[in-house]
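Trainee: Next up is a structure, given as structure tokens.
Just so you know, all these numbers are worked out from the coordinates, no wet-lab data involved. This one's a predicted model, so the numbers in the text were calculated from it and none came from an experiment. Positions of Cβ are generated from backbone atoms using ideal geometry, with glycine treated the same way; all protein chains shown enter the neighbour counts.
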Amino acid sequence: MADLIRDFRILLRVAWLTELEHKANLFISVIGALAFNAGQLLFIGVLLHAFGSIGGWTPAEVLVLFGIRMASHSVYAFFFRRTVDVDLVVHTGEFDRYLLRPTSRFLQLLMRRFNLQQIGDVIIAGAILALALPRASISWHPLLAVWLALAIAAGGLLEGGLQLARGALAFRLRNTQSLTFLIDAVLGTYGNFPLQIFGPVGAVLFTIPLPLAFVAWIPAAMVTGRVDSLWFPAWLGWLSPLVGVACMAAAITFFTRQSRHYSSPGS
Amino acid sequence: MFFRANVALSMVSVALQTVLLVTVWRAVYTNRPAVAGISESDAVSYAVIAMLLWHVALPWQLSSIPERVREGTIATDLIRPVGVVGQSLLQSFGAIVGAIPGVVVGLVLALALGGLTPPATGAAFLGFLLTAALGWLLAALLNLAVSMVAFWTTDTRGPFYVYRAIASFASGALVPLWFVPASLRPYLDALPFGLQVFAPLQLWQGQEPLGGLGGVITAQLGWLAASTAIVALVTWRALRKVVINGG
């Protein structure tokens with residue numbers, strides 16, 4: 001474990017220095033990330049402007065949900081975004097190098113590049129939460145704040161786990177780009193809605209087979225006290241961060257197993 | 001069809017997005033017969049067709065140029081008898097063929113869910129087809145112009161994200177422009193993106209777009225001329241800048 005942490009630190013430092021080498025590029029990338037997230041904010045903003053509320057949730061409650069989703073996405077983007085590169089790593093034969101180096105293949109994938117542009121995501125997420133949390137009627141307690149931080153981190157693990165499991169399929173299917181965009185689109189667009197709007201069946205589907213609910217809907221319902229929107233007993237909601245951790249652990253195992261099917265392109 | 005799995009996944013992706021779009025728009029319309037003068041059925045139908053138009057007009061890969069510059073294979077493209085612009089546009093056209101299965105799945109599913117309203121009239125449908133085709137060409141040229149930033153920078157994520165965010169919102173692909181605050185509309189109308197999705201769909205629904213059918217086509221032709229000039233200028237500059245990677 002100590003070796004793994006040391007390797008992580010070394011790879012992180014290299015990736016960080018690489019990004020900082022091209023400062024103008026970094027600046028443009030951060031602006032790009034800001035613009036992308038601002039687009040999603042505009043989408044929700046226009047809907048709230050036209051419709052006033054969504055699924056019975058007030059604009060402040062919807063914005064809390066959006067802020068949590070964005071913050072989870074920032075955690076994912078900061079640490080796990082390179083999971084989208086598995087196709088490329090397999091096609092170009094970059095994975096050959098991972099097999100030769102004496103450290104975790106998964107770690108090498110994550111650190112092949114450090115995504116400083118996601119500072120843009122962090123800025124937007126922080127701004128939205130700072131704006132929305134005081135406006136929603138929340139009974140704050142130190143433990144609730146800690147739980148919210150854990151839930152956000154677990155949301156990032158969940159998104160990372162889904163993309164990693166998808167990436168693992170590239171060892172057999174070669175190209176899984178469409179699935180990458182599908183996960184991005186579903187989480188980025190529909191993850192911003194209180195999921196009870198999809199009806200009882202939809203809410204169950206987005207909780208069990210497609211675990212979208214754990215990213216933002218359940219955490220937002222628990223924090224804002226809108227547990228009446230959930231389809232299961234509210235106490236279960238407090239355990240929701242465990243799903244993100246379990247998803248990432250399962251995805252790492254799946255990735256490791258699928259990587260045995262890697263066939264080098266020979267380049 | 002080398003990447004069959006990807007085509008299949010793309011169809012699944014469009015199918016899922018169709019179901020979600022229909023559900024979301026019906027949900028936000030609960031207990032509201034009309035919002036901003038638009039009925040639920042029109043909003044649902046708009047959302048589905050807009051998603052399908054955008055699926056074709058703004059693919060994740062704006063053009064093949066960034067990848068070919070990065071790999072150095074742009075050198076081969078430069079010596080071919082058809083110019084780089086022509087090759088890239090033809091590839092974009094070919095990508096439409098690859099997107100057809102997804103579009104068909106989306107349309108069939110939307111029909112099955114009762115989420116498609118037919119065009120207002122035959123003439124409205126013809127107007128839609130004509131303006132949607134011109135809108136696609138306009139999108140392809142703008143995608144190409146933006147993708148040429150790859151000649152100046154290896155990392156194209158930033159400019160692409162900015163372009164994608166502005167184009168998606170301003171085209172009306174994310175949310176119909178009827179619902180956008182009135183103060184924003186003049187700025188969005190001044191951009192070419194609304195001509196790619198919103199204006200054709202207004203025609204489909206029998207609405208009068210800004211300037212009528214003639215006004216939309218004139219604006220599209222004007223933007224096509226401007227985009228062609230931009231692409232020509234960027235190409236001219238880019239080919240003096242090109243670095244062939246890989247020795």
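Trainee: Using alpha-carbon positions, what is the distance between the centroids of segment A:220-249 and segment A:160-202, in Å?
Mentor: Cα centres, segment A:220-249 to segment A:160-202: 19 Å.
Trainee: Please give the charge dipole size of segment A:140-267, origin at the Cα centre, charges +1 on K and R Cβ atoms and -1 on D and E Cβ atoms. Round to the nearest 20 debye.
Mentor: With only Lys, Arg, Asp and Glu charged at Cβ, the dipole is about 460 debye.
Trainee: Further, regarding this structure: Would you work out the relative contact order for segment B:44-177, in percent, from Cα pairs under 8 angstrom that are 6 or more residues apart?
Mentor: With pairs under 8 Å counted, the relative contact order is 46 percent.
Trainee: Let me ask you something else. Shape of the protein assembly as shown from its Cα gyration tensor (a ≥ b ≥ c, root eigenvalues): rounded if a/c is under 1.5, otherwise prolate when a/b > b/c, or oblate?
Mentor: Note, shape of the protein assembly as shown comes out oblate.
Trainee: Another question about this same structure. Select from B:91, B:205, B:220 the residue whose mean-square fluctuation is largest in a Gaussian network model of chain B (Cα-Cα springs shorter than 10 Å).
Mentor: Fluctuation is largest for B:91.
Trainee: Related question: Report, in whole Å, the centroid distance computed from the Cα atoms of segment B:128-199 and segment A:39-63.
Mentor: Segment B:128-199 and segment A:39-63 have Cα centres spaced 23 Å from each other.
Trainee: Choose one answer from A:25, A:37, A:175: the residue with the largest mean-square fluctuation in a GNM of chain A with alpha-carbon springs under 10 Å.
Mentor: With Cα springs under 10 Å in chain A, the top fluctuation among A:25, A:37, A:175 is at A:25.
Trainee: Mind checking which of B:130, B:177, B:58 has the largest fluctuation in a GNM of chain B, springs on alpha carbons under 10 Å?
Mentor: Looking only at B:130, B:177, B:58, the largest GNM fluctuation is found for B:130.
Trainee: Taking square-rooted eigenvalues a ≥ b ≥ c of the alpha carbon gyration tensor, is segment B:130-193 rounded, prolate or oblate, where a/c under 1.5 means rounded and, failing that, a/b exceeding b/c means prolate?
Mentor: oblate
Trainee: Now, a different point. Please report the relative contact order for segment A:158-267, taking Cα pairs under 8 Å with a sequence separation of at least 6, and give it as a percent rounded to a whole number.
Mentor: It rounds to 42 percent for segment A:158-267.
Trainee: Here is a further query. Among B:37, B:153, B:13, whose Cα lies farthest out toward the positive end of the dipole of chain B, if unit charges sit on the beta carbon of Lys, Arg (+1) and Asp, Glu (-1)?
Mentor: B:153
Trainee: Residue farthest toward the positive end of the dipole of chain B, with Cβ of Lys/Arg at +1 and Asp/Glu at -1: which of B:90, B:48, B:174?
Mentor: B:90
Trainee: Relative contact order of segment B:2-239: what whole-number percent is it, with Cα pairs under 8 angstrom and at least 6 residues apart?
Mentor: Normalised by residue count, the contact order of segment B:2-239 is 27 percent.
Trainee: On to the next question. Only Lys, Arg, Asp and Glu count, each charged at its Cβ (+1, +1, -1, -1), so figure out the dipole size of segment B:2-239 about its Cα centre, rounded to 20 debye.
Mentor: Its charge dipole is roughly 280 debye.
Trainee: If you project the alpha carbons of segment B:2-239 onto their three principal axes, what span does each projection cover, largest first, in Å?
Mentor: Over segment B:2-239, Cα extents along the principal axes are 59, 41, 33 Å.
Trainee: Which whole number gives the average count of other chain Cβ atoms within 10 Å of the Cβ atoms across peptide A:170-179?
Mentor: If you average over the peptide's residues, the count of other-chain Cβ atoms is 5.
Trainee: Where the only charges are on Cβ atoms (+1 Lys, Arg; -1 Asp, Glu), what is the dipole of the protein assembly as shown about its Cα centre, to the nearest 20 debye?
Mentor: 1020
Trainee: Hey, if you put +1 on the Cβ of every Lys and Arg and -1 on every Asp and Glu Cβ in chain A, which of A:156, A:55, A:89 ends up farthest toward the positive end of that dipole?
Mentor: Toward the positive end, the furthest listed residue is A:89.
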